[in-house]
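Please read the structure below before turning to the comments.
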Amino acid sequence: MTLHRNAFNAARRHILAGVVAAAVLSPMAAFAHAHLDRSTPAAGSTGPAPTEVTLWFTEALEPKFSTIEVRDAKGVAVHTGKATPGPDNTAELRVAVHPLPPGRYQVIWRILSVDTHRTSGEFAFTVAP
C-alpha cells in the first residue's frame, strides 16, 4: 500500500509541476509574436524625405511573407518594389521609396515571424517642407 501511495504522490507532483510550468510560461507565449520595435523614419516624426523606410521587429522574420507599403495622403503607393530583409539582421525589413515631396505618409506593414505568427500595423510620418 505504501508503494502505491508513493507512486500516486509522485504522479501528483509531476502533474502539479506541469500545471505550474504552463501557468508561468503562458504569458511568455502571448508575447511571442513579433512586434514593431522601431523605425526610420520614426512613427509620428517630421523630418527630411527618406530614401527608404526601415522597420526593426522584436523577432526574426520570414521576409518572403512580409510586406511594407508606403502611401501618400491620397493613398497612392510611393514604395519601389518589395520589402527586403536587412543585410545583417533577420528582424529588419526595408523598402525603398520614390523621392517624396513634403506631406504625410502612411506605412502599413504585415509580417510573418519565424515562429509562424502573423502581425500587422501602421504608422505615419511627415516629410517637412
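The values are calculated or read from the model by the stated rules, or taken from the named source; none is laboratory data. Please read these numbers as outputs of a predicted model, since none were measured by experiment. Backbone-built Cβ (ideal geometry, glycine too); neighbour counts: all protein chains shown.
A compact table of results
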| item | result |
| --- | --- |
| In the range 107-128, residue modelled with the lowest pLDDT [restricted to those that are polar (S, T, N, Q) and farther than 15 Å from P48 by Cα] | T116 |
| Flag for A83 being surrounded by fewer than 17 Cβ atoms within 10 Å (Cβ to Cβ) and not aromatic (F, W, Y) | no |
| Lone qualifier among P50, P41, P85 - being modelled with pLDDT of 95 or more and touching a helix residue (DSSP H, G or I) at 6+ places or on another chain (Cβ under 6 Å) | P85 |
| Extreme residue, surrounded by the most Cβ atoms within 10 Å (Cβ to Cβ), among residues of the range 86-129 that are touching a Pro at 6+ places or on another chain (Cβ under 7 Å), free of Cβ contacts under 8 Å to residues at least 40 places away in the same chain and assigned to a strand (DSSP E or B) | L93 |
